[in-house]
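Remarks on the structure that follows.
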Amino acid sequence: MRPSTFLSAGVKINCHTNEPGGTPFREAVQKDNAPDDEGGRVPLGDPRPGRSNVSDMPGVVIVGGGPAGLTCATTLARAGVRVAVIDREGLGGRLVNADQVYDIPDVASGTSGAEAAGRLAEAVVEAGVRVEFAEVETIARAKSESMWTVAFGSESITAGTVVMASGSRPTPLSVPGADRLEGRGISYCPACDGPLFKGKDVVVLLGDEWGADETVQVARSVRSVRALIHPDADPRLERHLDRLADLPGVSVERDVVLRAVLGDSVVSGISVAVRGEAQTMATEGIFSSLRTTPNAELVADAVRLDKAGAIMVDEPFRTSAAGLFAIGEARGGNAGTAAEAIADGRALALQLTRGLPSAAGSVQVG
Ligand SMILES: Cc1cc2nc3c(=O)[nH]c(=O)nc-3n(C[C@H](O)[C@H](O)[C@H](O)COP(=O)(O)OP(=O)(O)OC[C@H]3O[C@@H](n4cnc5c(N)ncnc54)[C@H](O)[C@@H]3O)c2cc1C
């Protein structure tokens with residue numbers, strides 16, 4: 001299940017919706033990417049410096065318009081590289097779901113995720129990046145073995161360099177009852193679905209660093225929230241918990257492991273272990289912020305993945321397949337922050353514009 005869209009300040013914000021697009025920046029992007037006078041798309045250029053006008057040479061295709069992909073695209077485009085970003089949901093990635101952001105350079109703490117993501121999206125538009133709203137369905141070697149063909153919708157682009165900036169998605173719960181009651185009281189997008197649980201008593205399962213932010217958003221709509229912290233939760237979660245301290249109707253419980261989801265046709269409770277002791281808790285809704293799964297399946301046959309399913313890269317973000325790079329939450333060993341995704345995007349772009357020696361060579365990873 002993918003979460004739904006939500007409205008913020010009267011604007012439809014993309015929030016990992018089932019429908020492509022839906023971002024406030026989509027109209028601007030479509031205007032700026034209108035076909036040229038000859039009715040065709042502006043072709044991608046050669047990523048090497050000084051070669052951006054070589055219109056018959058492919059450049060860089062970036063899969064994913066989250067913080068990593070947007071930053072990479074803007075930096076490349078400003079250096080004269082012809083670059084395309086393809087995103088199935090709109091621009092901004094998971095960051096648009098943040099109520100308040102922290103630790104992102106040049107962004108004041110407390111800024112909304114939508115605003116922070118919006119700045120990255122505007123920069124992409126201003127830099128003249130070609131943006132496509134579509135699901136990338138395949139990434140395969142082109143006839144010329146040094147190139148990749150990226151297929152989306154009825155189109156495809158063949159380029160020498162492809163960047164996987166495809167991020168991650170919430171990992172579905174795998175306990176008994178979760179499959180059966182999916183969409184019947186279980187949500188993986190607290191930011192999107194909180195209002196659907198208006199006036200109800202719910203639980204939020206906290207595992208990653210951003211669970212407190214998501215709890216704050218849920219608490220605005222519901223009657224009560226029990227924030228249940230997994231014993232293996234990211235230790236960085238602790239520093240955000242003070243945001244929950246004075247929230248009415250919110251309680252925090254530690255060392256809680258979900259064992260089963262209970263209910264006939266809709267969620268009515270959960271079975272948990274609290275500090276090892278079995279308990280049943282009544283609840284009308286479950287929001288999971290436990291962990292995420294990298295969006296790496298597209299290239300699973302082409303590159304090496306780590307145990308978590310993320311794309312293995314070496315220092316300059318090279319995968320085990322020449323010309324294919326991975327940045328942000330799609331790559332192995334990432335910290336799960338926008339700050340790092342942005343840093344990845346910028347670092348890779350700078351390396352590509354300087355002519356990364358390995359861009360066309362096979363590399364050994366891991
Ligand atoms: C509630 C919340 C609060 C947060 N707060 C902060 C914070 O304060 N500070 C901070 O540094 N970080 C924060 N984060 C984390 C931050 O949002 C992520 O680390 C960051 O968005 C990761 O960026 P990314 O570009 O790697 O991936 P993503 O943001 O996941 O973007 C990936 C994009 O790829 C697209 N995509 C995937 N597969 C395909 C495909 N096949 N075809 C086309 N498009 C595809 C997706 O649609 C998505 O838009 C928060 C996260 C959440 C959920």
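Where a number appears in this text, it was derived from the coordinates with a stated rule and is not lab data. None of these values were measured; they are calculated from a predicted model. Positions of Cβ are backbone-derived with ideal geometry, glycine not excepted, and every protein chain shown enters the neighbour counts.
Would the range 291-342 count as rounded, prolate or oblate if I go by the C-alpha gyration tensor, calling it rounded below 1.5 in a/c and otherwise prolate when a/b exceeds b/c, oblate otherwise?
On the way: a/c = 2.03, a/b = 1.26, b/c = 1.61.
Since a/c reaches 1.5 but b/c is at least a/b, the shape of the range 291-342 is classed as oblate.
Quick query: amide H of V222 versus all other amide H atoms, modeled in the peptide plane; which residues come in under 5 Å with a sequence gap of 5 or more or a different chain?
Under 5 Å from the amide H of V222 lie the amide H atoms of G199, each far enough along the sequence or on another chain.
How would S288, S166, S156, S320 line up from fewest to most surrounding beta-carbon atoms within 10 angstrom?
Numbers: S288 23, S166 31, S156 16, S320 19.
Starting with the residue having the fewest Cβ neighbours, the order is S156, S320, S288, S166.
Taking the number of other C-beta atoms within 10 Å as the exposure measure, put Y188, Y102 in order starting with the fewest. It would help to have the intermediate numbers written out before the result.
On the way: Y188 22, Y102 18.
With the fewest neighbours first, Y188, Y102 line up as Y102, Y188.
Which shape class applies to the range 76-132: rounded if a/c is under 1.5, otherwise prolate when a/b exceeds b/c and oblate if not, where a ≥ b ≥ c are the square roots of the Cα gyration tensor eigenvalues? Don't skip to the end; give the middle numbers.
Working: a/c = 3.16, a/b = 1.69, b/c = 1.87.
Oblate, because a/c is 1.5 or more while a/b does not exceed b/c.
Over the range 238-304, calculate the relative contact order: mean separation of alpha carbon pairs under 8 Å at least 6 apart, over the residue count, as a percent. List each step's numbers first, then the result.
Details: 60 pairs, mean separation 12.5, N = 67.
Relative contact order for the range 238-304 comes out at 19 percent.
Would you list C189, C72 from fewest to most Cβ contacts within 10 Å? Write down the numbers at each step before the final one.
Details: C189 25, C72 33.
Taking fewest neighbouring Cβ atoms as first place, the list is C189, C72.
I'd like the distance between the alpha-carbon centres of the range 181-257 and the range 59-105, rounded to an integer number of Å.
A separation of 28 Å, based on Cα centres.
Specify whether the C-alpha gyration tensor of the range 95-202 places it in the rounded, prolate or oblate class, a ≥ b ≥ c being the square roots of the eigenvalues: rounded for a/c under 1.5, otherwise prolate if a/b is larger than b/c and oblate if not. If you can, show how the numbers build up before the last one.
Details: a/c = 2.81, a/b = 1.39, b/c = 2.02.
Note, shape of the range 95-202 comes out oblate.
Could you order the peptides 88-96, 302-310 from most to least packed, using the average number of other C-beta atoms within 10 Å per residue?
Numbers: 88-96: 27.7, 302-310: 16.4.
Top to bottom by mean Cβ count within 10 Å: 88-96, 302-310.
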